Amino acid sequence: MKHRMPLALTVMALAVAIPASTASARTTISMSGSTSVAPLAAKLAKGYLKAHPGAATFRLGQGGSDVGVADVAAGRVTIGNSSRDPKASDPGGIVWNRIARDAICIATNSGNTVAGLTQAQVQAIFSGQVRDWSQVPGATKSGPIDVVVRTAASGTQDAFQKIFMGSAKVSSSAAQKASNGLVAQAIRSDPNAVGYVSLAFTQGLNDARYKGVACNLRTAKSGQYEGVRNFWMVTRGKAQGEALRFIRWIQRSRAARAITATGWVPLH
Amino acid sequence: MAGPATPASAPNRSDKRAELALGPLSSVVLVLIAGMVVFVLAKAWPSFANNGLAWFGGGGNVDDQLLEIFNSPANPDAYEYTIHAWPLLYATALVTGGAVIVGLAFALFAAIFIVEFAPERLRAVLEPVVRLLAAVPSVIYGLIGILVLVPFVGNHLISQGRKESVAYVVQLSGNSLIVAVVVLTVMITPIMIALIVDALRAVPGSWTEGAHALGANRWRVVWTIAVRAARPAIVGACVLATARALGEAIMLSMVSGSVGFAPNPLDGLTFFVEPMRPLAATIVDNAEGLSVKPLGQTLYAFAAVLLVSSLMLSLGAWAVRQPMKRYGVRP
């Protein structure tokens, strides 16, 4: 669930002898925000410390994209993690640094092997225009469609709306779940269900193949799969000092790229 | 209270000390509660002020309204506040009421059985088990609900035809009123049993013995003497159970259906398998958007309604219990 978890992880840097000339109190980089970004941020922080021993101490909390944005705008954390793009109501004075991308997969119950939905079909299904599987070509199931989506405040919902739905509105009779895991569970237990989840949550579900392309790391990396969203690290004003070095390292180094590529889509 | 005549000064002094220490402590609790109520109401005020009484009414789709509020523009003057929370209030009342009524029936008979009829060896097992059940965290019930009951109801109790009959209004997937009520009942019944057992035990033996002596059978004695005398405690048990049911969030967020729909009794049996989402579950589900100011204030408004309802509940129970107390026992 979306409980705020301060200190979900504290990466303690090993004390390393630092030459007196550069001696300064070790900086602490604190982060909060998206639960989707958190696992990646933790791995990156560990990798950064391996590359730059003793450069900083990390503290990673969660809470959801909006929490991250609000925290960083108020100066409570150095970096706010967000899995949604900037929006109009965000507080001013913050800078969005893109760090990776993540695939969002359309999934159905494993007993319903739909393979290949066009954007128009996805929009028709999720907006409630098409309400029966018999109206969906390729569906191996008939009967009413149970649409499962995320709550309004979720970053994944925001990305789904932008990437897949465009201006179409998600049906208001859709069940709104509070996390990726709950959506996956709902689809797993209901043969009529369809929903969307982050790539990491697709186990045991049928990939509905958006625009005919399988949803996996390879197609997302190659750009074939289009349902891809951004992960952001948000800073208050331009990133400075150690935070700047950390974000630069994520965006530019090969090591960070390798870490990201274990489950997400690197930027370059 | 030691009278002034007794010169035993040592216990007297420690009494004083306890009084001095506990008095402020309990006052702190009072201040905390008052502070909490004021804080929540203050936070919630913009939501109530912008909607007036329509806040409690129906109209439009409550999920769409929450989305609009979440997507408010940055300008505080243009914040969106419109919400008609009736489906959520109605769902809360349905689930809570259903669970407490069913739970009370079960709890009353179970307690009577434990106190009056169960063989000693069975009782020795039953009572600790009941008390243990009362302490199980709600998320565990939620897991059982979502992994076992929801799929069962969705795949076996809801026919294709039933699903199709309401497909254009609401999705029937197993997340439903009936599952929510069943799981909630299982959650709150043990507390009620434990409290009612204590109350039945506290009925003076001379009262029941008197009835036995007059030739009444066991059942009659229990029903007419013990249960009647225990009424204030039974009301108390219901209040406690209702309060727990009202505030239950995680479990209901998992099993109740995650959509702000108001189940319609006119739908016949379908009514029981229709999804809905009570207030507390709505707060949990939308907690991610707390930092969006108007949505945060709306969630605080939900919290305020829950808080005020449980306060009213306590007051109401107090009033109901007054006339019962004359012949009642209080454990």
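Pairing chains A and B buries close to 3100 square angstrom of accessible surface in total, based on protein heavy atoms and a 1.4 angstrom probe. Out of all Cα-Cα pairs in region A:222-268, roughly what percent, to the nearest whole number, are more than 13 Å apart? In whole percent, the long-distance tail amounts to 62. Residues whose amide H falls under 5 Å from that of A:F58, counting only those 5 or more places apart or on a different chain, are A:V11, A:A13, A:I29, with hydrogens built in the peptide plane.
I'd like the residues of region A:36-70 whose 1.4 Å-probe accessible area shrinks by no less than 40 Å² going from the isolated chain to the full set of protein chains. Residues passing the criterion (a loss of at least 40 Å², heavy atoms only) are A:D66. With one equal scatterer per alpha carbon and no solvent term, the Debye-computed log10 I(q)/I(0) for region B:164-246 at 0.10, 0.19, 0.24 1/Å reads -0.43, -0.85, -1.05.
Kirkwood's formula applied to the C-alpha pairs of region B:85-222 gives a hydrodynamic radius of 17.7 angstrom. Dividing the Cα radius of gyration of region B:260-323 by its Kirkwood radius returns 1.15 for Rg/Rh. Rounded to the nearest 20 debye, the dipole magnitude of region B:158-248 is 180 debye, with +1 charges on Lys and Arg beta carbons, -1 on Asp and Glu beta carbons, and the Cα centre as origin. Placing unit charges on the Cβ atoms of the charged side chains and taking the dipole of region B:131-231 about its Cα centre, the candidate lying farthest along the positive direction among B:I196, B:L149, B:A134 is B:I196.
Accessible-area loss of 40 Å² or more (1.4 Å probe, protein heavy atoms, chain alone versus all protein chains) is found in region A:176-223 for A:Q176, A:K177, A:L182, A:Q185, A:S189. Counting only Cα atoms, the size of chain B along its three principal axes is 73, 53, 33 Å, in decreasing order. With both labels modelled 7 Å from their Cα along Cα-to-Cβ, the B:D15 to B:V31 distance reads 2.8 nm. Per residue of chain B, the DSSP helices (runs of n ≥ 4 H) give a summed -39500 (n - 2.57) that works out to -20500 deg cm²/dmol at 222 nm. Each residue, B:D267 and B:A202, gets one label point 7 Å from its Cα in the Cβ direction; the gap between the two is 4.3 nm. Shape analysis of region B:1-129 based on the Cα gyration tensor places the equivalent ellipsoid semi-axes at 48, 33, 11 Å, largest first.
Per residue, region B:225-297 exposes 28 Å² of solvent-accessible protein surface, assessed with a 1.4 angstrom probe and all protein chains in place. Surface composition of the protein assembly as shown: carbon plus sulfur atoms contribute 63% of the solvent-accessible area (1.4 Å probe, protein chains only, all chains present). The slack in the chain from B:E209 to B:W318, taken as 0.36 nm per residue of separation less the alpha-carbon distance, amounts to 36.3 nm.
Taken over region A:150-265, the convex hull of the Cα atoms encloses 141 Å³ per residue. Its Cα centre serving as origin, chain A has a Cβ charge dipole (Lys and Arg +1, Asp and Glu -1) of approximately 780 debye. Simple rule: put +1 on each Lys or Arg Cβ and -1 on each Asp or Glu Cβ in region A:18-161, find the dipole, and look at A:P53, A:V136, A:A42; the Cα lying farthest toward the positive end is A:P53. Applying D = kT/(6 pi eta Rh) to the protein assembly as shown, where Rh is the Kirkwood radius over alpha-carbon pairs, T corresponds to 20 °C and eta to 1.002 mPa s, the Stokes-Einstein value obtained is 79 µm²/s. Across region B:87-181, C-alpha contacts under 8 Å between residues 6 or more apart give a mean separation that, scaled by the residue count, equals a relative contact order of 34 percent.
In summary, the aspartates and glutamates within cross-link reach of A:K43, defined as a Cα separation below 20 angstrom excluding same-chain residues under 8 places away, comprise A:D102, A:E242.
Residues with beta-carbon under 14 Å from that of B:C238, excluding B:C238: net charge, scoring Lys, Arg +1 and Asp, Glu -1? Net charge in that neighbourhood comes out at +3.
Solvent exposure of chain A, expressed per residue, is 40 Å² of accessible area, with all protein chains present and a 1.4 angstrom probe. Check A:D132: other-chain or 5+ apart residues with amide H under 5 Å from its amide H, H built from backbone geometry? For A:D132, the qualifying residues are A:I145. From the largest down, region A:86-207 spans 51, 28, 22 angstrom on the principal axes of its Cα atoms.
Net charge dipole, chain B: roughly 1480 debye, given to the nearest 20, about the Cα centre with Cβ charges of +1 for Lys and Arg and -1 for Asp and Glu.
What the Kirkwood sum gives for region B:192-322 is a hydrodynamic radius of 18.1 Å, with every pair of different alpha carbons counted. Using the alpha-carbon positions of chain A, Rg (one decimal) and Dmax (whole number) come out as 20.1, 73 Å. Projected onto their three principal axes, the Cα atoms of region B:41-100 cover extents of 44, 24, 16 Å, largest first.
Among the chymotrypsin sites (Phe, Trp or Tyr not before Pro) in region B:158-249, those placed in a DSSP loop whose Cβ has at most 16 other Cβ atoms within 10 Å are B:Y168. Remark on A:L117: its backbone amide H falls under 5 Å from those of A:Y210, A:K211, A:G212, a criterion applied only to residues 5 or more positions apart or on other chains, H modelled at 1.01 Å from N.
The values are calculated or read from the model by the stated rules, or taken from the named source; none is laboratory data. Computed from a prediction, not measured in an experiment: that's the story for all the values here. Neighbour counts are summed over all protein chains in view; Cβ atoms, including those assigned to glycine, are modelled from backbone coordinates with ideal geometry. Protein only, heavy atoms only, side chains kept; ligands, DNA and RNA dropped before computing areas. Shrake-Rupley method; radii C 1.70, N 1.55, O 1.52, S 1.80 Å.
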